[in-house]
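**Student:** What follows is a single structure, and I will ask about it in a moment.
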Amino acid sequence: MYIRPVYQKIMGRLLEPRQFIQVLAGPRQVGKTTLASQVARSTSLETHYASADEPVLKDSSWIEQQWEIGRLRAKKAPQGALLILDEIQKIPHWSEIIKNLWDQDSFHQINFKVILLGSSGLLIQKGLTESLAGRFEVIPITHWSFAECKECFGWTVDQYIYFGGYPGAAPLIDDEKRWSRYIKDSLIETSISRDIMLMTRIHKPAILRRLFELGCAYSGQILSYQKTLGQLQDIGNIATVAHYLDLIASAGLLVGLSKFSHELVRQKASSPKFQVLNTGLITAQHASSFKQSQDNRELWGRLVESAVGAHLVNSTIGTKTNISYWREGNKEVDFIMSNGDTVIPIEVKSSQKRTALPGIELFSKKFHATKKLLVGGQGISIEEFLLRPAEYWL
């Protein structure tokens, strides 16, 4: 069985003295539960696993019941016990309950460790900051990288660019219609209906769904919120659209990248650049097959850029590195990777033709770029770039 690199980090935390609740947060179907299962089988601690991932919400007493099972195992086992609670954000007021239980056990010095799993980043973060400040450590579980898909499934870079790397869907890629249905029904619909709409009050659910479809269709493109409202055919509120985009991002589906600026206020006010976090979200909803997409230069170029953007965002989640874009007039840079004083513009090209890069040149003069990267074309190969974490290039 393939074990993701983040497994070692989780196991390392369990060997440390009981200090923090470990929180594994990330989108659906990227292997959080599998990781927890691998940890449970490998650790010497007595383990209890329970999941709140059911169509009907459980009440707060469910946490107390599961916690008590963990306590009993901890009292019986000299080496202590481990409690794993999956989809914890589905329980109302979960963070307040866990805070009280955790503090009780800390006071009584019960040798009891806890791992929480959640697929709604916004709800998880809200609960952690409101009630569990100083008691938790988040370990982001992101979409699978090309390096992981290559090692586990033997995929080529073109397969990764098209199919996007959902591990559960990997065995289905030889039947593209079945693969597409799986992505749409088991991942997209479940994430929207259960991780967003079931957990958050949505006044215009049709607009949220359409915004997700629009974000996938326009991945790699910059759209002002006003233009987005026009595409949605809604005389709505820009703040509502921005809020819905945040909810979609919290489910690990797509994000709106900000325009690069040294001033945070200008970044927040900029038009977003839609960026899917897994290219399978685009292709599963598109009529073109794998072969047809490769033959369509415009579509393939969009998929390549989206794959690079997804890689940059996913591999910098939980770090101090920020991913943005830049545009001034008709000059644009696909991605800006920044960390402190280090600023790197990145341009993506799927064609081997030599092309001028006026956007990078102007950006470099204005912001004193540390270095300039061309990915694809006559620069770093797409495969080499996707095989390394983004921070390798800093």
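The values are calculated or read from the model by the stated rules, or taken from the named source; none is laboratory data. The model shown is predicted, which means the values in this text are computed figures rather than measured ones. Positions of Cβ are generated from backbone atoms using ideal geometry, with glycine treated the same way; all protein chains shown enter the neighbour counts.
**Student:** So, of the residues in segment 171-189 that are buried (at least 17 other Cβ atoms within 10 Å of the Cβ) and under 17 Å from residue 277 (Cα atoms), which turns out to be farthest from the chain's Cα centre (by Cα)?
**Tutor:** The selected residue is 180.
**Student:** Does segment 259-269 contain any residue that is part of a helix (DSSP H, G or I), basic (Lys, Arg) and at pLDDT 80 or above?
**Tutor:** Applying the first criterion (part of a helix (DSSP H, G or I)) to segment 259-269 yields 264-269.
Of the ones still in play, those that are also basic (Lys, Arg) are 266, 268.
Filter once more, so that each one left must be at pLDDT 80 or above: none.
Checked segment 259-269: no residue is part of a helix (DSSP H, G or I), basic (Lys, Arg) and at pLDDT 80 or above.
**Student:** Confirm whether residue 256 is part of a helix (DSSP H, G or I), buried (at least 20 other Cβ atoms within 10 Å of the Cβ), of a type in the set (Gly, Ala, Ser) and at pLDDT 90 or above.
**Tutor:** Working: part of a helix (DSSP H, G or I): no; buried (at least 20 other Cβ atoms within 10 Å of the Cβ): yes; of a type in the set (Gly, Ala, Ser): yes; at pLDDT 90 or above: yes.
For residue 256, the condition - part of a helix (DSSP H, G or I), buried (at least 20 other Cβ atoms within 10 Å of the Cβ), of a type in the set (Gly, Ala, Ser) and at pLDDT 90 or above - is not met.
**Student:** Here are 306, 338, 315, 351: which of them is surrounded by fewer than 20 Cβ atoms within 10 Å (Cβ to Cβ) and hydroxyl-bearing (Ser, Thr, Tyr)? Steps first, answer last, please.
**Tutor:** On the way: 306 fails: surrounded by fewer than 20 Cβ atoms within 10 Å (Cβ to Cβ); 338 fails: surrounded by fewer than 20 Cβ atoms within 10 Å (Cβ to Cβ); 315 fails: surrounded by fewer than 20 Cβ atoms within 10 Å (Cβ to Cβ).
Criteria check complete, one pass: 351.
**Student:** Has segment 39-59 got any residue that is within 21 Å of the chain's Cα centre (by Cα), within 30 Å of residue 277 (Cα to Cα) and acidic (Asp, Glu)?
**Tutor:** Checking segment 39-59: at least one residue is within 21 Å of the chain's Cα centre (by Cα), within 30 Å of residue 277 (Cα to Cα) and acidic (Asp, Glu).
**Student:** Quick one: which of 248, 222, 207, 202 is touching an Asp or Glu at 6+ places or on another chain (Cβ under 7 Å), at pLDDT below 95 and surrounded by 14 or more Cβ atoms within 10 Å (Cβ to Cβ)? Reasoning before the result, please.
**Tutor:** Details: 248 fails: touching an Asp or Glu at 6+ places or on another chain (Cβ under 7 Å); 222 fails: touching an Asp or Glu at 6+ places or on another chain (Cβ under 7 Å); 202 fails: touching an Asp or Glu at 6+ places or on another chain (Cβ under 7 Å).
Step by step, each of 248, 222, 207, 202 is checked, and only 207 is touching an Asp or Glu at 6+ places or on another chain (Cβ under 7 Å), at pLDDT below 95 and surrounded by 14 or more Cβ atoms within 10 Å (Cβ to Cβ).
**Student:** Considering only residues that are under 14 Å from residue 194 (Cβ atoms) and surrounded by 13 or more Cβ atoms within 10 Å (Cβ to Cβ), look in segment 52-72 and name the one that is modelled with the lowest pLDDT.
**Tutor:** 58
**Student:** Identify, from the list 28, 18, the residue that is of a type in the set (Lys, Arg), modelled with pLDDT under 90 and in contact with a Lys or Arg (Cβ under 7 Å, 6 or more places away or on another chain).
**Tutor:** From the options 28, 18, the qualifying one is 18.
**Student:** Scan segment 19-31 for residues that are surrounded by 15 or more Cβ atoms within 10 Å (Cβ to Cβ), out of contact with any Phe, Trp or Tyr (no Cβ under 7 Å at 6 or more places or on another chain) and within 27 Å of residue 104 (Cβ to Cβ) and jot them down.
**Tutor:** The initial filter retains those residues of segment 19-31 that are surrounded by 15 or more Cβ atoms within 10 Å (Cβ to Cβ), namely 20-31.
If we keep only those that are out of contact with any Phe, Trp or Tyr (no Cβ under 7 Å at 6 or more places or on another chain) as well, we get 22, 24-28, 31.
Passing the criteria: 22, 24, 25.
**Student:** Being on the phi > 0 side of the Ramachandran plot and either among the small types (Gly, Ala, Ser) or part of a helix (DSSP H, G or I) (or both), is that true of even one residue in segment 99-114?
**Tutor:** no
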